[in-house]
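K.L.:
So that we are looking at the same thing, I have put the structure below in C-alpha cells.
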Amino acid sequence: MTASGAAPAVTIRRRLEWPDTDAAGHQHHSVVMRWAEEAEAELLESLGHATLFGRIPRVAFYAHYLQRLWLRDPVEIRLAIGAVGRTSLTYTFEVEGPQGTAATGRMVVVHTDGNAGGAVPWPDALRPLLTGEAGPPR
C-alpha cells in the first residue's frame, strides 16, 4: 500500500464506438478486456516500467457485467493492483458508464523470463512499486 493507503491505480476514459459493439449497439466482451489492458499499459508506464506491458502474459480474465453499455456511451475504467504474488499480479477493475457501474472484474498476469522457460519471482527492486510501498506513481 502507498502512504495514502491506496494500491497503485489508474483511470482512463473512453467512449463506446462502432467497432466495440454488436449490431444492436451494445458492448462486446472483448472491448472490456481491451480497456483493462489499455489501463494496464498506462499503469505500468506511470510506475516507470512500460516495457513490462506485453512481456507479462495474461493468464486469467474475469468480468462481471452489471449493466449494458451502448454506442457512444462515455466510460471510465479504473484499474488497480489488487494483489502481488511471488510470480503473479492480480489487477482489479471497474467500468463506470452513464448509469453507474457497468462491469467489475480482475485480470491476472504472470512475471516470466524468456530464459527461464516459465514464471519467475518479481525482482526485489520492482516489488515495492507494485505493492505501493514505494509511494504513489510519478
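K.L.:
Hey, can you tell me all the residues within region 44-100 that are open to solvent by 30 Å² or more (accessible area, probe 1.4 Å), in contact (Cβ under 8 Å) with a residue 24 or more places away in the chain, of a type in the set (A, V, I, L, M, F, W, C) and over 19 Å from Asp20 (Cβ atoms)?
P.N.:
Val59, Val84
K.L.:
Ok, one more. Tell me which residues, restricted to region 16-54, are acidic (Asp, Glu) and in contact with a Leu (Cβ under 7 Å, 6 or more places away or on another chain).
P.N.:
From region 16-54, those acidic (Asp, Glu) are 17, 20, 22, 37-38, 40, 42, 45; that's our starting set.
Correct list: Glu40 only.
K.L.:
Here is a further query. Scan region 103-111 and tell me whether some residue there is without any contact (Cβ under 8 Å) to a residue 12 or more places away in the chain and open to solvent by 30 Å² or more (accessible area, probe 1.4 Å). Don't jump to the end; show me each part of the working.
P.N.:
Residues of region 103-111 that are without any contact (Cβ under 8 Å) to a residue 12 or more places away in the chain, as a first pass: none.
Among the residues of region 103-111, not one is without any contact (Cβ under 8 Å) to a residue 12 or more places away in the chain and open to solvent by 30 Å² or more (accessible area, probe 1.4 Å), which makes the answer no.
K.L.:
I've got another one for you. Identify the single condition in (1) in contact with a strand residue (DSSP E or B) (Cβ under 8 Å, 6 or more places away or on another chain); (2) open to solvent by 60 Å² or more (accessible area, probe 1.4 Å) that His26 does not satisfy, given that it satisfies every other one.
P.N.:
Here His26 meets the rest and fails (2).
K.L.:
Evaluate the following for Thr21: is it surrounded by fewer than 17 Cβ atoms within 10 Å (Cβ to Cβ) and not acidic (Asp, Glu)? Full working, then the answer.
P.N.:
Values: surrounded by fewer than 17 Cβ atoms within 10 Å (Cβ to Cβ): no; not acidic (Asp, Glu): yes.
No.
K.L.:
If we keep just the residues of region 112-134 that are among the aliphatic types (A, V, I, L, M) and part of a loop (DSSP other than H, G, I, E, B), which is modelled with the lowest pLDDT?
P.N.:
Our first condition is that a residue be among the aliphatic types (A, V, I, L, M); within region 112-134, this holds for 116, 119-120, 125-126, 129-130, 134.
Those still in the list that are part of a loop (DSSP other than H, G, I, E, B) too: 116, 120, 125-126, 134.
On the way: Ala116: 65, Val120: 89, Ala125: 88, Leu126: 89, Ala134: 74.
If we take residues in region 112-134 being among the aliphatic types (A, V, I, L, M) and part of a loop (DSSP other than H, G, I, E, B), then Ala116 is modelled with the lowest pLDDT.
The values are calculated or read from the model by the stated rules, or taken from the named source; none is laboratory data. Owing to the predicted nature of the structure, the values given are computational and were not obtained by experimental measurement. Don't worry about glycine lacking a Cβ; one is built from the backbone with ideal geometry, like all the others, and counts go over all protein chains shown. Side chains are part of the model used for accessible areas, which takes the heavy atoms of the whole protein and leaves out ligands, DNA and RNA. Shrake-Rupley method; radii C 1.70, N 1.55, O 1.52, S 1.80 Å.
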